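Structure first, commentary second.
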Amino acid sequence: MTPALLFDDITCTFVSKDDRSQRYTAVANTTLAIAPGEFVSVVGPTGCGKSTLLNVGAGLLQPSSGSVKVFGEPLTAINKRAGYMFQAEALMPWRSALQNVIAGLQYRGHSEKEAEELGEQWLARVGLQGFGDRYPHQLSGGMRKRVALAQTLILDPDIILMDEPFSALDIQTRQLMENEVLDLWNAKKKAVLFITHDLDEAIAMSDRVIVLAAGPGTHPIGEFKIDLPRPRDVAEIRMHPRFVELHQQIWDVLRDEVLKGYQQQKRAA
Ligand SMILES: Nc1ncnc2c1ncn2[C@@H]1O[C@H](COP(=O)(O)OP(=O)(O)OP(=O)(O)O)[C@@H](O)[C@H]1O
């Protein structure tokens, strides 16, 4: 089957802003394929290159070598078949929740009426019925994430790229959001590339977990199929004996890399 998203032998080298002779290879020779409808998480130590890889998949960053294919087509500009959700708040503070949700539709030229109808449906789907006229500062952190989720999914992307979208939330809100994402994903089965620091989150959500090495030159060093039953509740699935087993296996690979990453950060500080 043609992958929804294929990273083919990707290397990303950055030139230092301060000293043009200094180079840093963040990602080296990484190949990774995500099938249509597959939920793949990438875990790795802090600063190893997870966001770099995601930015390459989004078409926001051109790799130094290697190529990206989207449903078999080479990616040469912004990935129009992908929707993104990043860690940072991406809502426009001057727009209401509804106007934020429909921004992409307006940009694509949908009529105002059609966009607003669909926007209301999406607000209801993420549990925000009746909150359409609130502005971002009038919403809680979890609600703002729901608006951002609706804003991404309303465009019906075939690929969803998520970079630690819930890391700023408290644990209860985070688990609610994770379950909501799983429900929405279950209904429409899009390809998801999910970046996280949190191994529990990665296992609870995914079909497959990829472990990246500490940088420089990060690349996959482990790949684990998550054969846990679905539908899942992210809080309950953590008690499943197979979850505990998978956690142990993956942590065995991840632990040394996390320690290396931590040492590097200490040296850099
Ligand atoms: N535009 C850039 N110019 C120079 N170096 C960069 C650039 N973007 C990223 N880097 C470096 O590449 C490495 C990987 O960064 P990246 O943000 O991809 O890591 P990450 O795994 O997502 O980090 P975190 O887990 O902390 O979010 C880091 O050392 C970072 O400093």
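Which ones in the stretch 1-36 are within 16 Å of the ligand (Cβ to nearest atom), hydroxyl-bearing (Ser, Thr, Tyr) and under 15 Å from residue 218 (Cα atoms)?
If the condition is that a residue be within 16 Å of the ligand (Cβ to nearest atom), hydroxyl-bearing (Ser, Thr, Tyr) and under 15 Å from residue 218 (Cα atoms), then 11, 13, 24, 25, 30 are the ones that fit.
Looking at (1) surrounded by 22 or more Cβ atoms within 10 Å (Cβ to Cβ); (2) modelled with pLDDT under 95; (3) not hydroxyl-bearing (Ser, Thr, Tyr), which one does residue 102 not meet, given that it meets all the others?
Answer for residue 102: the failing condition is (2).
Can you name the residue in the stretch 166-181 that is in a helix (DSSP H, G or I) and either of a type in the set (Val, Ile, Thr) or in contact with a strand residue (DSSP E or B) (Cβ under 8 Å, 6 or more places away or on another chain) (or both) and, of all such residues, is nearest to residue 86 (Cα to Cα)?
Within the stretch 166-181, the subset in a helix (DSSP H, G or I) is 171-181.
Those still in the list that are either of a type in the set (Val, Ile, Thr) or in contact with a strand residue (DSSP E or B) (Cβ under 8 Å, 6 or more places away or on another chain) (or both) too: 171, 173, 181.
Numbers: 171: 18, 173: 17, 181: 14 Å.
Among them, the one singled out is 181.
Kindly list, by first and then second residue, each pair from a residue in the stretch 10-25 that is under 20 Å from residue 59 (Cβ atoms) to a residue that is assigned to a loop (DSSP other than H, G, I, E, B) and among the polar types (S, T, N, Q), limited to pairs with Cβ atoms under 8 Å and residues at least 6 apart or on different chains.
So the pair list comes out as 11/64; 12/64; 13/64.
Search the stretch 47-66 for residues that are within 12 Å of the ligand (Cβ to nearest atom) and pair each with any residue that is in a helix (DSSP H, G or I) when their beta-carbon atoms are under 8 Å apart and the residues are at least 6 apart or on different chains.
Pairs found: 47/261; 47/264; 47/265; 48/257; 48/261; 61/52; 61/55; 62/56.
Is it the case that residue 25 is over 21 Å from residue 164 (Cα atoms), surrounded by fewer than 17 Cβ atoms within 10 Å (Cβ to Cβ) and touching a Phe, Trp or Tyr at 6+ places or on another chain (Cβ under 9 Å)?
Values: over 21 Å from residue 164 (Cα atoms): yes; surrounded by fewer than 17 Cβ atoms within 10 Å (Cβ to Cβ): yes; touching a Phe, Trp or Tyr at 6+ places or on another chain (Cβ under 9 Å): yes.
Against the criterion (over 21 Å from residue 164 (Cα atoms), surrounded by fewer than 17 Cβ atoms within 10 Å (Cβ to Cβ) and touching a Phe, Trp or Tyr at 6+ places or on another chain (Cβ under 9 Å)), residue 25 qualifies.
Show the residue pairs meeting these rules: Cβ distance below 6 Å; 6+ apart or different chains; first residue within the stretch 229-244 and of a type in the set (Phe, Trp, Tyr); second residue exposed (fewer than 15 other Cβ atoms within 10 Å of the Cβ).
Close Cβ pairs (under 6 Å, with a partner that is exposed (fewer than 15 other Cβ atoms within 10 Å of the Cβ)) do not exist here.
Working only within the stretch 67-89, note down all residues that are of a type outside the set (Phe, Trp, Tyr), within 16 Å of the ligand (Cβ to nearest atom) and touching a residue at least 60 places away in the same chain (Cβ under 8 Å).
68, 85, 87
Which one is nearest to the chain's Cα centre (by Cα) among residues in the stretch 203-219 that are more than 13 Å from the ligand (Cβ to nearest atom) and either closer than 22 Å to residue 263 by Cβ or among the small types (Gly, Ala, Ser) (or both)?
Looking only at the stretch 203-219, we keep the residues that are more than 13 Å from the ligand (Cβ to nearest atom), and these are 203-209.
Then keep just the ones that are either closer than 22 Å to residue 263 by Cβ or among the small types (Gly, Ala, Ser) (or both); that gives 204, 206.
Details: 204: 14, 206: 11 Å.
Top of the filtered list is 206.
This table checks each residue for (1) closer than 20 Å to residue 85 by Cα; (2) buried (at least 17 other Cβ atoms within 10 Å of the Cβ); (3) within 16 Å of the ligand (Cβ to nearest atom).
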{"residue": "187", "(1), (2), (3)": "yes, no, no"}
{"residue": "223", "(1), (2), (3)": "no, no, no"}
{"residue": "233", "(1), (2), (3)": "no, no, no"}
{"residue": "239", "(1), (2), (3)": "no, no, no"}
{"residue": "250", "(1), (2), (3)": "no, yes, no"}
{"residue": "262", "(1), (2), (3)": "no, no, yes"}
{"residue": "267", "(1), (2), (3)": "no, no, yes"}
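Return the residue satisfying two criteria in turn: it lies in the stretch 47-70 and is under 15 Å from the mean Cα position of the chain (by Cα) and among the hydroxyl-bearing types (Ser, Thr, Tyr), and of such residues it is surrounded by the most Cβ atoms within 10 Å (Cβ to Cβ). Outline the logic, then answer.
Initial filter on the stretch 47-70 (under 15 Å from the mean Cα position of the chain (by Cα)): 49-60.
Those still in the list that are among the hydroxyl-bearing types (Ser, Thr, Tyr) too: 51-52.
Values: 51: 18, 52: 20.
If we take residues in the stretch 47-70 being under 15 Å from the mean Cα position of the chain (by Cα) and among the hydroxyl-bearing types (Ser, Thr, Tyr), then 52 is surrounded by the most Cβ atoms within 10 Å (Cβ to Cβ).
As an exercise: evaluate residue 39 against (1) crowded, with 17+ Cβ neighbours inside 10 Å; (2) of a type in the set (Phe, Trp, Tyr); (3) not assigned by TED's automatic domain parsing to the domain that holds residue 211 and give the number of the one condition it does not meet.
Unmet condition: (3).
Got a sec? Which of 227, 200, 156 is assigned to a loop (DSSP other than H, G, I, E, B) and modelled with pLDDT of 95 or more? First the steps, then the outcome.
Numbers: 200 fails: assigned to a loop (DSSP other than H, G, I, E, B); 156 fails: modelled with pLDDT of 95 or more.
Step by step, each of 227, 200, 156 is checked, and only 227 is assigned to a loop (DSSP other than H, G, I, E, B) and modelled with pLDDT of 95 or more.
The values are calculated or read from the model by the stated rules, or taken from the named source; none is laboratory data. All of these numbers come straight from a predicted model, not from anything done at the bench. Neighbour counts are summed over all protein chains in view; Cβ atoms, including those assigned to glycine, are modelled from backbone coordinates with ideal geometry.
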